[in-house]
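As structure tokens, the structure follows; a few thoughts come after it.
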Amino acid sequence: MTYDILILGGGPAGFRAAERAGHFGLNTALFEGKTLGGVCLNEGCIPTKTMLYSAKLYDYAKGGAAKYGVTTDGAALDHAFVTARKDKVVKKLVAGVEMQMKKARATIVRANGILAGRNEAGEFIVEAGGEKFCGKNVLIATGSSASVPPIPGLKEALSAGIAGTNREILSLKEVPARLTVVGAGAIGLEMASYFNSAGSDVTVIEALDRIGGRFDRDIAALLQRNCTARGIKFLTGSRVQSVEGGLIHGTKANGEEFIVEADKILIAVGRKPNVQGIGLESLGIELGANGGIRTDETMRTNVPGIFAAGDANGVSMLAHTAYREAETAVNVIRGIDDVMRYDAIPSVIYTNPEAASVGETEETAAEKGLNVKTLKLPMLFSGRYQAENEGGNGILKLVLDEEKHILGACMLGNPASEIVPAMAVAITQRMTAADLAQTVFPHPTVAEILRDAALMEL
Ligand code: NAI
């Protein structure tokens, strides 16, 4: 039997592709050696958000709600309960993906698939669980793994269970008294936020002079200030030189040495695409400069009929990017014109308060030589924000081009993750500030601030 599409990997890219392919009547096989759902569902987006929600409620209960006239006695966070609930949520969602796969009539092969060249008819061969499967097209959606830097002593600390990556940190049975997080990207900051709320003494070590990676500098600085006020310590411009059990030896940018003592160490210094051991060489599939499988905007690789989506191509390692890339690949396989756009991919750091960004920042626009104007408003401009929100220092920035098209938006303040999609729509649809101002938003909402900013420009 020949499949229309063979999918390697059952994470967001793989399961979305299988669902879409099935929806459009393509004969599909999906290969997954672990639980369906990938990192996002099992050890990433969903479990962390489940835990962060408990942390937020606990923050309110233990005093954060006093300013709203609500006080409680004896508030407690039951970490074991929180992780058990997280596991339940994950289980339910994984079961949902299993259902989707059934509905899509996809053949699920519970083993890793390995590319093994072509058969005599020129079809692609995938080997899995001792069997051979043939297909007209292949989608590689093998995801990514946590990067582990070659720091002396780190391997030993990982084996001893003192250090861990995103996977291990989510399964800790107890809240560590002292947690050191290496890397102030999304994973590092979100986990720092949870464990700070849960009672850990948290130190974050970051090589750059800023947190949040490519986030807008002002927003990252405000976020850092908020986190610091909550008791999280930051060592920015600092590099870990070696690890000795729970002792972390590092150096600051000025050469000054430091030692941090920790009960647990979270390594969150980025992820690398899973491209080894999947038979890429059998078909001559090329990698790009980022170490992922090189793809174009249609998700095609250098080999016609082979596509790659999600973290495996290393372009934008986010579940929502993976969904859209998978949809693009399936459409292209169906002969429908579709291209992946990377100019409006939202990015959120789910701390409390949340930071969100989409499109260009002032900094990325300047790097591209774009002439832009930035509109800035404090989040307190919004009545709803004043009425409900705890973080008084949040800001919104809109980045416009010379014709006042919206190129980017970023903000700090809740619920940034729910507001930023409106700006993803605006960028995707090439809306101007005037278009935005002509759109009616419900009152009172925090999102209204987007219109208020646009009105400033009319
Ligand atoms: P990241 O790439 O976002 O951040 C890693 C940070 O570690 C960077 O700021 C980097 O400068 C720093 N770093 C690297 N080497 C270091 C060293 N030796 N010492 C100190 N600092 C060092 O990586 P992260 O947070 O691990 O996330 C991985 C991927 O997962 C990213 O693509 C991220 O976007 C995605 N993700 C997204 C989430 C979200 O959207 N909310 C949540 C979790 C993950």
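Per-structure values
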quantity: In the stretch 147-196, residue surrounded by the most Cβ atoms within 10 Å (Cβ to Cβ) [restricted to those that are polar (S, T, N, Q) and more than 15 Å from the ligand (Cβ to nearest atom)]; calculated: ASN196
quantity: Among (1) modelled with pLDDT of 95 or more; (2) open to solvent by 30 Å² or more (accessible area, probe 1.4 Å), the one test that GLU388 misses; calculated: (1)
quantity: Unique residue being in the same structural domain as ASN196 (by TED's automatic domain parsing) and at pLDDT 95 or above when the list is ARG239, ARG294; calculated: ARG239
quantity: Tally, over the stretch 206-232, of residues that are over 16 Å from ALA356 (Cα atoms), open to solvent by 50 Å² or more (accessible area, probe 1.4 Å) and within 14 Å of the ligand (Cβ to nearest atom); calculated: 2
quantity: Lone unmet requirement of (1) in contact with a Ser or Thr (Cβ under 8 Å, 6 or more places away or on another chain); (2) part of a loop (DSSP other than H, G, I, E, B) for ASN112; calculated: (1)
quantity: Residue within the stretch 170-180 that is more than 22 Å from ASP59 (Cα to Cα) and in contact (Cβ under 8 Å) with a residue 12 or more places away in the chain present; calculated: no
quantity: Where ILE406 falls short, out of the listed (1) outside any strand (DSSP E or B); (2) over 30 Å from LEU57 (Cβ atoms); calculated: (1)
quantity: Among the candidates PRO353, PRO442, residue that is modelled with pLDDT of 95 or more, under 30 Å from ASP59 (Cα atoms) and in a loop (DSSP other than H, G, I, E, B); calculated: PRO442
quantity: Filter result for the condition that a residue is closer than 27 Å to ARG271 by Cβ, in a helix (DSSP H, G or I) and not assigned by TED's automatic domain parsing to the domain that holds GLY392, over LYS49, LYS62; calculated: LYS49
quantity: Which numbered condition THR364 misses (of (1) part of a helix (DSSP H, G or I); (2) farther than 26 Å from VAL339 by Cα; (3) among the β-branched types (Val, Ile, Thr)); calculated: (2)
quantity: Subset of the stretch 266-313 [surrounded by 20 or more Cβ atoms within 10 Å (Cβ to Cβ) and part of a helix (DSSP H, G or I)]; calculated: LEU280, GLY310, ASP311, ALA312, ASN313
quantity: Single unsatisfied condition, LEU26 versus (1) free of Cβ contacts under 8 Å to residues at least 40 places away in the same chain; (2) of a type outside the set (Ser, Thr, Tyr); (3) buried (at least 16 other Cβ atoms within 10 Å of the Cβ); (4) under 30 Å from ALA104 (Cβ atoms); calculated: (1)
quantity: Residue pairs meeting the criteria (Cβ under 6 Å; at least 6 apart or on separate chains; first in the same structural domain as VAL420 (by TED's automatic domain parsing), in the stretch 354-376; second open to solvent by 70 Å² or more (accessible area, probe 1.4 Å)); calculated: ASN371/GLU402; THR374/GLU362; LEU375/MET456
quantity: Qualifying position, being more than 30 Å from MET51 (Cβ to Cβ) and outside the structural domain of ALA309 (by TED's automatic domain parsing), among ILE395, ILE427; calculated: ILE427
quantity: Matching option when the condition is at positive phi and not β-branched (Val, Ile, Thr), among GLY11, GLY63, GLY33; calculated: GLY63
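The values are calculated or read from the model by the stated rules, or taken from the named source; none is laboratory data. Predicted, not measured: the structure shown is a model, and the values here were computed from it. With ideal geometry, Cβ positions are generated from the backbone for all residues, glycine too; neighbour counts draw on all protein chains shown. The accessibility values were calculated without ligands, DNA or RNA, using every heavy atom of the protein model including side chains. Shrake-Rupley method; radii C 1.70, N 1.55, O 1.52, S 1.80 Å.
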